[in-house]
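Okay, structure first, notes after.
The values are calculated or read from the model by the stated rules, or taken from the named source; none is laboratory data. Note that this is a predicted model, so its numbers are computed, not measured. Glycine gets a Cβ as well: all are built from the backbone with ideal geometry, and neighbour counts include every protein chain shown.
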Amino acid sequence: MLLTIGIRGGGSVFILGTDSDMRLFFDCISYYLLPKYPKEDWSILTDRLYRRYLKLEELDTAESLMKLVEEEFKQLDREAIDWGPILSGKAKSDLDRTKSTLYDIFDGYFYAFHYCVESAKISYEGFKSEPDYEYEPVMVAITTLPYSISYKQIPLSVFDNLGADEKPIWWTGKIPK
């Protein structure tokens, strides 16, 4: 079964595509933006969002960085992506290769991210006074049912304890028990 991957946060969930599409999105960030903006703390996106989750206090920084990604992706032609693995069938993809820029190709990712950040903030503000409320972090996640439900129940400590060389849980498709 091919799992779908997306973004969740604050009670919202967006299905975006395949694990290889999500990896490609973050590979483009790492390849095109990290060298161009070395003073930025890209680990907020390339580690915290990619492999773990965004804490409430990281949301504003993550939003600023993602807006920078959007601006840069608007300047990058679709040919900036090596489509070889997708065209050869080595990687499954739901991306529309006919769109003209990386921004256009990944526009749904940007929308989902910003929506989930806003949802997380609104949920926090609306429910923080409730005794059993827990912040619903923004994260890349498995969105295929029923695995999406199990994914949401993974304790945040599991994400926190991922080693530096470990792949994200959504990439491995193995939900810890």
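Yes/no per residue for (1) under 30 Å from residue 133 (Cβ atoms); (2) charged (D, E, K, R); (3) exposed (fewer than 15 other Cβ atoms within 10 Å of the Cβ):
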| position | (1), (2), (3) |
| --- | --- |
| 2 | no, no, yes |
| 7 | yes, no, no |
| 13 | yes, no, no |
| 19 | no, yes, no |
| 24 | no, no, no |
| 46 | yes, no, no |
| 50 | yes, no, no |
| 63 | yes, yes, no |
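Among the residues making up the stretch 85-123, those that are free of Cβ contacts under 8 Å to residues at least 60 places away in the same chain, closer than 16 Å to residue 26 by Cα and acidic (Asp, Glu) are 104, 107.
Contact map, the stretch 46-69: residues that are closer than 17 Å to residue 5 by Cα paired with residues that are small (Gly, Ala, Ser) and part of a helix (DSSP H, G or I), Cβ distance under 6 Å, separation 6+ or inter-chain. Pairs shown: 46/30; 54/62. Here residue 170 meets the list (1) surrounded by fewer than 17 Cβ atoms within 10 Å (Cβ to Cβ); (2) farther than 13 Å from residue 14 by Cα; (3) of a type in the set (Phe, Trp, Tyr) almost entirely, failing just condition (1). Contact annotation: residue pairs with Cβ atoms under 6 Å, 6 or more positions apart or on different chains, pairing a residue in the stretch 9-25 that is more than 19 Å from residue 58 (Cβ to Cβ) and β-branched (Val, Ile, Thr) with a partner that is surrounded by 19 or more Cβ atoms within 10 Å (Cβ to Cβ) and at pLDDT 95 or above, are 15/6. I'd like to know if the stretch 63-72 contains one or more residues that are touching an Asp or Glu at 6+ places or on another chain (Cβ under 8 Å), modelled with pLDDT of 95 or more and among the polar types (S, T, N, Q). Within the stretch 63-72, not a single residue is touching an Asp or Glu at 6+ places or on another chain (Cβ under 8 Å), modelled with pLDDT of 95 or more and among the polar types (S, T, N, Q).
Might you let me know whether the stretch 72-89 holds any residue that is under 15 Å from the mean Cα position of the chain (by Cα), among the small types (Gly, Ala, Ser) and over 26 Å from residue 164 (Cβ atoms)? Checked against the condition, which is being under 15 Å from the mean Cα position of the chain (by Cα), among the small types (Gly, Ala, Ser) and over 26 Å from residue 164 (Cβ atoms), the stretch 72-89 yields no hits at all.
Looking at the structure I just gave you, is residue 32 farther than 17 Å from residue 111 by Cα and loosely packed, with under 15 Cβ neighbours inside 10 Å?
Values: farther than 17 Å from residue 111 by Cα: yes; loosely packed, with under 15 Cβ neighbours inside 10 Å: no.
No, not satisfied.
Filtered by the rule that a residue be surrounded by 15 or more Cβ atoms within 10 Å (Cβ to Cβ), free of Cβ contacts under 8 Å to residues at least 40 places away in the same chain and assigned to a loop (DSSP other than H, G, I, E, B), the stretch 124-166 gives a lone residue, 154.
Okay, residues lined up against (1) farther than 18 Å from residue 14 by Cβ; (2) loosely packed, with under 14 Cβ neighbours inside 10 Å:
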{"site": "71", "(1), (2)": "yes, yes"}
{"site": "74", "(1), (2)": "yes, yes"}
{"site": "83", "(1), (2)": "yes, no"}
{"site": "122", "(1), (2)": "no, yes"}
